[in-house]
Number of protein chains: 2
Amino acid sequence: MGVDIGGSTVRLALADLSGAIIGQSSSGLRSDRSPKAVTSIIAAGIRQLSRDYNVPEKKILAIAAGAPGITDVAAGQVLSAPNLTGWHKVPLRDLLRDKTGIPSIVENDVNLAALGESWRGAARDVANFVFLAIGTGAGAGVVLDGRLHHGAAWSAGEIGYMMLPGLSSEAPAHLRLGALESVIGGKPIEQAWAQLNGASKSGKKLTATKIFDLAGEGNTRAREVLSRTAAFLAMAITNLGLVLDLSLVVLGGGVGSHPALVESTRRALADNEFARPHVAVSSLGPAAQIYGAIWLALQTADEHGFRRGGVRRRRAGVSNS
Amino acid sequence: MGVDIGGSTVRLALADLSGAIIGQSSSGLRSDRSPKAVTSIIAAGIRQLSRDYNVPEKKILAIAAGAPGITDVAAGQVLSAPNLTGWHKVPLRDLLRDKTGIPSIVENDVNLAALGESWRGAARDVANFVFLAIGTGAGAGVVLDGRLHHGAAWSAGEIGYMMLPGLSSEAPAHLRLGALESVIGGKPIEQAWAQLNGASKSGKKLTATKIFDLAGEGNTRAREVLSRTAAFLAMAITNLGLVLDLSLVVLGGGVGSHPALVESTRRALADNEFARPHVAVSSLGPAAQIYGAIWLALQTADEHGFRRGGVRRRRAGVSNS
């Protein structure tokens, strides 16, 4: 069972032992987003999927759940999650296991997306890559030598705060928008567009993806916003490439996977004589997390003694800190 | 046998199976720095050490050699080495083995320094750290989850080109100085000092370390140069911390290990609410590479079937790309 906990929705996918999805569901999060409420929603969803697809719950071998925050995989805790108020050191793994009786594991959602792309998406057979999600903010899943890199305190991949030429040199702070996020996130792109257009007629409020659509259609101002965004994204990818020597960066998220941005970023990177990883679009889109969760659930089932065929073991991996 | 090939000197250290150094030597590189000449110098040095310390050559179980350039550990090749003209895809591992009959391994010198600090230096028992060497240029050895990270094409750690606020946004190019190097390397520091002093009397040409000494003694202009250098270094460390979630950065090299720079960098990092790794000075200094080489030679001996006590196996490791 793969689970993706978003800011407003919980998605579930029941898969067989080859990793093929049998059934999916999603539930909106109500006003009560407490760990207990979210756990109950997941448990109810599992029960429902189990009934709908006639798979007895005791045949569900593992649950892997992705959380939108810093997650200590070893301790099974969501350490913090900005979009889930009050989530602080939540023992989600044990909550799920206790509620369902099924072996569970938790992981950060962007990390799961990286695992998904590694298993079934744009990063298949790539040992060193970064999955870079850009939506309202920016975050990354870092896969090195075929294993997810978590870092010393489970917070590797915080690239939203990366410092680059032309950006603020202020020290990163929790309550301040990250330097990189402040130019490549959805909101700043919309603001840049609004500013460029001033009070003009065409200056009506547009989403970042609409602005990029316009750029693709040749709109000059939109192209200006696009190429500025791509220039910063290319510099961030350059820094990642310099430090990590990547062969691939996979762009995901509503903003990150826009074809015009991807194309423009590739063009900007073409000037690099080195630190120029291949740039691919997420091929799984919003399903990347769920695929990553399924992969991780299969690993977890495996580690709990269930041997199976069909899925290669430890293609990508969960490494210790 | 640990070997450190520098731009002008080859250093050798003969160690016993506990890793204790029995004897050391160094030989200057003559005008002929061809792979064949360097191999001969190393072989002659080994023969001499073997005689001087009465250790038969056939008892030397492995040679690990560090080269000042991008090194493909798996293929045993030095891919390029800017300070050794004409070194391009040099099969140094096989050259050494064929010349000496001793199992050999080659590695990048900064990576060896990182391994040295991990084994016997400032990074003992630290799973996630970066060794950052600053001299004329800047380079890094990246240790993640206890293993050296090499990257997709053996060139991870090229941080001399890192792009930061206030620096050039030009694409990295082989013949251009790296963005970060152009402010924190020895030469740029000396130039900044000269520029600040103009034609004034105190403006005589000083080395970077002398300038930092002056800063430590309270000289205002020198402090200006120091704090500017530290600010950039702190931003580079911040970016590394954001991406990799490090618990430690070890500063090495003639410029990097200066106490005033280390202190000033720590102060600059103190403003970070996160991405604030502990900053330590290399505790092995110029010997870090040789210690790393000895550690790697011990691993290599181990892999060639020699079991020994005294050295824990695979504390840090050489990972595949």
Condition set open to solvent by 10 Å² or more (accessible area, probe 1.4 Å) and β-branched (Val, Ile, Thr), scope region A:118-139, selection modelled with the lowest pLDDT: answer is A:136
Every residue in region B:1-46 that is closer than 22 Å to residue B:113 by Cα, under 21 Å from the mean Cα position of the chain (by Cα) and part of a loop (DSSP other than H, G, I, E, B), please. B:1, B:6, B:7, B:8, B:19, B:20, B:29
For region A:51-65, which residues satisfy the criterion of being farther than 19 Å from residue A:305 by Cβ and basic (Lys, Arg)? A:51
Restricting attention to region A:140-164, report how many residues are over 19 Å from residue B:277 (Cα atoms), open to solvent by 10 Å² or more (accessible area, probe 1.4 Å) and either in contact with a Gly (Cβ under 6 Å, 6 or more places away or on another chain) or among the hydrophobic types (A, V, I, L, M, F, W, C) (or both). 2
Subset of region A:119-146, residues small (Gly, Ala, Ser) and either touching a strand residue (DSSP E or B) at 6+ places or on another chain (Cβ under 6 Å) or in a strand (DSSP E or B) (or both), comes to A:122, A:123, A:133, A:138, A:139, A:140, A:141
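Among the residues of region A:169-179, which ones are open to solvent by 20 Å² or more (accessible area, probe 1.4 Å) and either at pLDDT below 95 or in contact with a helix residue (DSSP H, G or I) (Cβ under 7 Å, 6 or more places away or on another chain) (or both)? Let's see the steps before the verdict.
Going through region A:169-179, the residues open to solvent by 20 Å² or more (accessible area, probe 1.4 Å) turn out to be A:169-171, A:174-177.
Hits for region A:169-179 are A:169, A:174, A:175, A:176, A:177.
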The strands (runs of 3 or more DSSP E) lying wholly within region B:47-101 that contain at least 1 residues that are closer than 21 Å to residue B:149 by Cα and of a type in the set (A, V, I, L, M) are B:63-67, B:70-72, B:77-80
Which of (1) assigned to a helix (DSSP H, G or I); (2) in contact with a strand residue (DSSP E or B) (Cβ under 6 Å, 6 or more places away or on another chain) is the odd one out, the single condition residue A:268 does not satisfy? (2)
If residue B:182 satisfies all but one of (1) open to solvent by 10 Å² or more (accessible area, probe 1.4 Å); (2) within 8 Å of another protein chain (Cβ to nearest Cβ); (3) modelled with pLDDT of 95 or more, what's the number of the condition it fails? (2)
Considering only residues that are in contact with a helix residue (DSSP H, G or I) (Cβ under 8 Å, 6 or more places away or on another chain) and either free of Cβ contacts under 8 Å to residues at least 12 places away in the same chain or not in a helix (DSSP H, G or I) (or both), which ones fall in region B:180-194? B:180, B:185, B:188, B:194
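Condition check ((1) within 10 Å of another protein chain (Cβ to nearest Cβ); (2) over 23 Å from residue A:6 (Cβ atoms)) across all residues:
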{"residue": "A:122", "(1), (2)": "no, no"}
{"residue": "A:127", "(1), (2)": "yes, yes"}
{"residue": "A:136", "(1), (2)": "no, no"}
{"residue": "A:170", "(1), (2)": "yes, yes"}
{"residue": "A:189", "(1), (2)": "no, no"}
{"residue": "A:218", "(1), (2)": "no, yes"}
{"residue": "A:234", "(1), (2)": "yes, yes"}
Please pick out the residue among B:223, B:315 that is modelled with pLDDT of 95 or more and either open to solvent by 10 Å² or more (accessible area, probe 1.4 Å) or touching a Leu at 6+ places or on another chain (Cβ under 6 Å) (or both). B:223
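Please go through region B:147-177 and pick out each residue that is in a helix (DSSP H, G or I), within 15 Å of the chain's Cα centre (by Cα) and closer than 18 Å to residue A:247 by Cα.
Hit for region B:147-177 is B:159, nothing else.
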Within region B:70-101, considering residues that are within 24 Å of residue B:132 (Cβ to Cβ) and of a type in the set (Gly, Ala, Ser), the one surrounded by the most Cβ atoms within 10 Å (Cβ to Cβ): B:81
Residues that are part of a loop (DSSP other than H, G, I, E, B) and either open to solvent by 10 Å² or more (accessible area, probe 1.4 Å) or not aliphatic (A, V, I, L, M) (or both), drawn from region B:102-112: B:103
Which is of a type in the set (A, V, I, L, M, F, W, C), in contact with a Phe, Trp or Tyr (Cβ under 6 Å, 6 or more places away or on another chain) and under 13 Å from residue A:3 (Cα atoms), of A:113, A:81, A:62, A:67? A:113
Among residues of region B:236-283, those that are without any contact (Cβ under 8 Å) to a residue 12 or more places away in the chain and within 11 Å of chain A (Cβ to nearest Cβ), counted: 4
Could you tell me whether any residue of region A:294-308 is under 30 Å from residue A:15 (Cα atoms), modelled with pLDDT of 95 or more and not in a helix (DSSP H, G or I)? no
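The values are calculated or read from the model by the stated rules, or taken from the named source; none is laboratory data. Because the structure is a prediction, the values reported are computed rather than measured. Cβ sites come from the backbone with ideal geometry, for glycine too, and all protein chains shown count toward neighbours. Heads up: the accessible areas ignore ligands, DNA and RNA and are worked out on the full protein's heavy atoms, side chains in. Shrake-Rupley method; radii C 1.70, N 1.55, O 1.52, S 1.80 Å.
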